[in-house]
Amino acid sequence: MSEADESDDQRRARGLPPAPHLPGDPDPDRPEPPKQVNTGFGLIVAASVVLVLAFVLELLRKDEFAEQLIAQNTDENITNAQIASGVESLLWALVVGAVAVGGLMVLFAWKARQGTRSARTVVTVLVVVTALFSLLGGGYTVIGAVLLALCGTALMYLPSVDPYFPRVSKNR
């Protein structure tokens, strides 16, 4: 048998990486993802977009948020300019964080869509962490994004799609 006819498992046994595939070529060893996994992936992508949009909208409303905090300020040592500057910095950090978390959720959901069991676990952890942080606040849009992500993740754990995510043997 020539090297071109080897399976990926045979190449791995010899210490080589899997054979490369050209973009767009179907992977011969991997079946098409189930409909539920594709739907879950779509929901996670939508959740990531909604999450970023939620914090961009909050950034656009920064003046209202700053005014609320200025009205509640009882410390004479903190100026209104410091509060306004802190609000803007906080909101920019939240936008950058939402982009990073959303990007990671999409990346690992893509890998889970390819049948990688550990990627499905990472997506689950990211969604749970995002859900816990949403409890601190963020409004209805963030809660909507979290609900979309939770539904998408739940679809990847349905019993009917479990065979698509093979268990890794411990004998390696």
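Bear in mind these aren't lab numbers, they're just calculated from the coordinates by the rules spelled out. Keep in mind it's a predicted model, so treat the numbers as computed, not measured. Backbone-built Cβ (ideal geometry, glycine too); neighbour counts: all protein chains shown.
Per-structure values
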{"read-out": "Cα lying deepest toward the dipole's positive end in the chain, options Pro23, Ser48, Leu148, charges on Cβ", "value": "Pro23"}
{"read-out": "Residue of Pro17, Pro34, Pro159 that the Gaussian network model of the chain assigns the largest fluctuation, springs spanning Cα pairs under 10 Å", "value": "Pro17"}
{"read-out": "Gaussian network model of the chain, Cα within-10 Å springs - most flexible of Ala131, Ala149, Ala19", "value": "Ala19"}
{"read-out": "Quotient of C-alpha Rg and 2.2 N^0.38 Å, computed over the stretch 33-88", "value": "1.85"}
{"read-out": "The chain: most fluctuating residue of Glu32, Glu64, Glu88 per GNM, C-alpha cutoff 10 Å", "value": "Glu64"}
{"read-out": "Test item: Cα-centred dipole of the stretch 35-164, Lys/Arg +1 and Asp/Glu -1 on Cβ, debye", "value": "960 debye"}
{"read-out": "Sum of -39500 (n - 2.57) over DSSP H runs of 4+, divided by residues of the chain (222 nm, nearest 500)", "value": "-22000 deg cm²/dmol"}
{"read-out": "Radius of gyration, Dmax [the chain; alpha carbons; angstrom]", "value": "22.2, 81"}
{"read-out": "Rough spin-label spacing in nm, given labels placed 7 Å along Cα→Cβ, for Ala100 and Arg11", "value": "3.4 nm"}
{"read-out": "Mean-position separation - Cα centroids, the stretch 33-84 and the stretch 86-140, in angstrom", "value": "13 Å"}
